[in-house]
1. Show me the ranking of peptides B:233-243, B:130-140, A:112-122 by mean Cβ neighbours inside 10 Å, starting with the highest.
2. Kirkwood hydrodynamic radius, computed over distinct alpha-carbon pairs, for the range B:2-290: how many Å, to one decimal?
3. Sort B:Asp41, C:Asp371 by accessible area with a 1.4 Å probe, largest first.
4. Projected onto the charge dipole of the protein assembly as shown (+1 at Lys/Arg Cβ, -1 at Asp/Glu Cβ, origin at the Cα centre), which of C:Ala91, A:Cys50, B:Gln185 gives the Cα projection farthest towards the positive end?
5. Show which lysines lie in cross-link reach of B:Lys127 when reach means a straight Cα distance below 25 angstrom and same-chain residues fewer than eight apart are skipped.
6. Could you please state, rounded to a whole Å, how far the C-alpha centre of the range A:40-92 is from the C-alpha centre of the range C:145-178?
7. Any idea what % of Cα-Cα pairs in the range C:105-334 are farther than 33 Å?
8. Any chance you could list P(r) for the range A:100-180, counting all Cα-Cα pairs in 5 angstrom bins from zero, rounded to whole %?
Amino acid sequence: MDSPLLQVTDLTMRFGGLTAVNALSFEARRGEITSVIGPNGAGKTTVFNCITGFYRPTSGGIALTHPDGAVFQLQTLPGHRIARRARVARTFQNIRLFAGMTVLENLLVAQHNALMPNVASGLLAVFGLGGHGAAEVIAIDRARGWLDRINLLPRADDPAGALPYGDQRRLEIARAMCTAPVLLCLDEPAAGLNPRESDALAELLKTIQADGCSVLLIEHDMGVVMRISDHIVVLDHGQRISDGDPAHVRADPNVIAAYLGEGDEDDPDVPLAAASDGPLAAAS
Amino acid sequence: MAYALQQLINGVTLGMIYGLIAVGYTMVYGIIGMINFAHGDVFMIGAFLSLISLTLLSVLGLSSVPLALALTLVFAAGIAALYGWTIERVAYRPLRGSFRLAPLISAIGMSIVLQNFAQVSQGARVKPIAPLIPGGIQLMNVEGFAVQLSWMQIVIVVTTLAVLGVFTYLVSATPLGRSMRACEQDQKMAGLLGIDTDKTISLTFVIGAALAAVAGLMFLLYYGVIDFFIGFVAGVKAFTAAVLGGIGSLPGAVLGGLAIGLIETFWSAYFSVQYKDVAAFSILVIVLIFLPTGLLGRTDVEKV
Amino acid sequence: MNPILKDAGISALVALGLFGPMIGLKTEASATGLFLVPRPLALAAAVAAVFFGRLVLLTWRGRRPGRYRANRGLSEALKRSGRFLTPVLLAFAVVLPFISGRYGIDLGILVLTYVMLGWGLNIVVGLAGLLDLGYVAFYAVGAYSFALLSQTFGLGFWTCLPLAGLFAATWGVMLGFPVLRLRGDYLAIVTLAFGEIIRIVLLNATSITGGPNGIAGIPRPTLFGLQFSAAGGPDTFSGFFGLEYSPTQRVAFLYYVILGLALLTNWVTLRLRRVALGRAWEALREDEIACRSLGINVTVTKLTAFAIGAAFGGFAGAFFATRNAFISPESFTFIESAIVLAIVVLGGLGSQLGTALAAIVMIGGFEVFRDLAEYRMLLFGTALVLIMILRPRGLVSGRTPSVALGRRREISAELVAEGRG
Ligand SMILES: Nc1ncnc2c1ncn2[C@@H]1O[C@H](COP(=O)(O)OP(=O)(O)OP(=O)(O)O)[C@@H](O)[C@H]1O
Ligand SMILES: [Mg+2]
């Protein structure tokens, strides 16, 4: 059996006295959608930040194995190398688009390394040398394809900051996908979306999976999580409290206790559907 | 050894002056997040005000030096505070909440205005003043090298500590201090909770300017000469001190000031006087590279 | 009482407090120590000026509440007229030496030098969003590299020009590397410190740089080997073309050199904006964290901006040295950095046209008030404050997309970030 795509072992992250992630181990398999869920402040985003190189873990290992067998120890790499060499892409809980640049420009910036493999080629491009023109034609084509997929082609020349919220979320995913990742990490992509938009998002993630890109998903919208996940990891207080397929997790008393015990009422982040019907009802 | 002790005394004196100016930078930065570029020039204006006041008092025939100094301190701090208030009102308040570079350019403009105002109104020539407090005590005499602690240095250090004491009380134990800290945390929220943010910010400038004027008086006493250009270099060094101490931290500003004063004095004493500013700035660069939040600054891992 | 009158009265009182000691009592040094010269008239004039100034301002403002909307109108008008303003400006710049006398050409050279510096700094501040308060350092490095190279190795202007740019870029990388991790204001203050360090070194390394006396006798540029001199031989410009020698020829030639250099800067910047590197700079200005998540090496990208900006500063410095034939550390003070930064901000960050206009307005305006002597800098500082209050976003705000599937549409300045670096 081949090794899992992502193997997290004993990951610990401390901020001063606060242990946000505590000896966490889990794995994400190739070609699957793996969800990470848990109450607010459980440490989900922190795990993402460790995987994508924004935080340096206090201890523990994160290994990523490419289809060709190349292994990357992510905890040792700087963020931009993780994106470029290990090919892990991500989105952010608070959308981080280039608001003053157009939708198309956002997608071209994502293909920066394809357009400009090194500084010399970047400088040659000023004089029209080094094949920048041809590369840009390909990059624009790719961007156009993604815009078509997320139905934003008509808005390609509008500034990203002027898009409605739902469109911005999808654009951020498209931008991440333009880096041609093997693993896509999404931090609450359905937050703030209406039910129709959430459905469309779930469909989009399914097609991304079908294209061969594995997905790691943080999400509070249990409807989406239960519908599309192959595998779910549940965190609470930085620790794994449950791990398995949706049916297993849904029935796990630990999970129910964690959610009910943590007081959903005062967590404005939890989507209404989850808050009113209990966290796991939407999918049952 | 004796030589080093002498440098230590001189460095602490100088450091106190830098520390006083640095407090103004750090307070303003803490509360509205801008480099008040004109602050060094307020210090320069404070020095001029002190000069004018001391001359006036001697023309008026006041012969008691302590009384003259006390009056000058109050006068210079008071008028400089008015400068601080006006500058904020005229050059910064209309730009609050706008584009980040605009207040910086406005501050640079204000700094140019103050410098040239002083030059035009008081002349470009260096202004010397006769030493007011001569003499001192000889601490020790090692092989012919006498370690001097002048009365002037004692006066400077004591006054600075007293002023800083009053000031610390003001910002830590009064409602004003609480409002300032609230505005530092979250200006909008503080406003919603009924704190008059405009007034708090104004007061921050007023206090900073008054402290800078005290530093100006000390500078005048210590060096005995001033000109309209002293604000720039002293300002940059004081800002360096504020950054070194961790910007936003008041004890840090004083500590940073002492550090810069000591570095400068020791460098001048043991290496070269010409490059003393280079030493101070290089320290700034080195500290920032290895300790990006300064000595006492809060570390903030950027939340993503 | 009339509120406007009351407000003006209070302002006058404040002015009395501010100006009373500083203007009312002038300290004069004499052999016996300091004495005071009272100047009641000057003080009264200053206070009256504040009183009436405030009165006029408040009355005017009371009549025109829509001041800010009018401002946005100007920005858009400038932007729309940009399409024909640019060629008109360019044409004017090209024919200037023919329609103007010596003084006009000299002024043109001065303005163009600042246009070039502004465009160079615009790469760093406007595109990459890195606040550099020590740009003059690279100007100085360019000037001194050229001066020293020509004096030590006898190299000519055209050989030294690229070398000067290269040296400046190298310095840019060397200075930039350790500090580019710093954010916003720390970067600003460290670059300022670097500017000062370089100036102090130039001032004190007397054996190499001549210290405060500077370097004199820097050679003038030649046109394909033709010199501009009164000698009139076949290797001089006038001799070769059979013209009568006039010093204006040399000045006009210098003018075209700086025009060419400035246009080169502009062309390179415009090209850069449309390729991956320039887009990465702008993305960096917008959101550095997102850039990292997309695999962009933030340090390298910032360094290229720093280095390219520095290179253009170095070119301008070399030109400055050859034009003046003399340089000293006095020409490279912080105030120069401040002026160039003010030009970039006044122009509107990232706008090429705005930067050019701002340089014309500021340097031209500065020249107009030449007779005011020491009051000139006072006026300059006041203008900086006023301009920022009236137009915090600069003359031409907003951003043109670098690429589009359809028509390029302006992006409003409210959406464009200004960078934190
Ligand atoms: N840079 C940081 N500095 C200090 N504490 C941090 C930092 N980042 C995260 N934390 C803390 O770590 C804990 C976990 O935060 P994290 O953002 O990972 O939670 P989460 O599971 O993503 O929650 P949510 O569902 O609300 O997004 C929280 O207590 C948070 O305050
Ligand atoms: Mg989170």
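1. Top to bottom by mean Cβ count within 10 Å: B:233-243, A:112-122, B:130-140.
2. 19.4 Å
3. My answer, sorted largest first, is C:Asp371, B:Asp41.
4. Final value for the positive-end residue is C:Ala91.
5. Candidates past the 8-residue exclusion: B:Lys237, B:Lys276, C:Lys26.
6. Going from one Cα centre to the other spans 42 Å.
7. Beyond 33 Å sits 22 percent of the P(r) for the range C:105-334.
8. 3, 16, 26, 22, 15, 10, 6, 1
The values are calculated or read from the model by the stated rules, or taken from the named source; none is laboratory data. For clarity, every value in this text was computed on a predicted model and none was experimentally measured. Counting neighbours? That spans all protein chains shown, and the Cβs are built from the backbone with ideal geometry, glycine included. Surface areas here come from the heavy atoms of the whole protein model, side chains and all, with no ligands, DNA or RNA. Shrake-Rupley method; radii C 1.70, N 1.55, O 1.52, S 1.80 Å.
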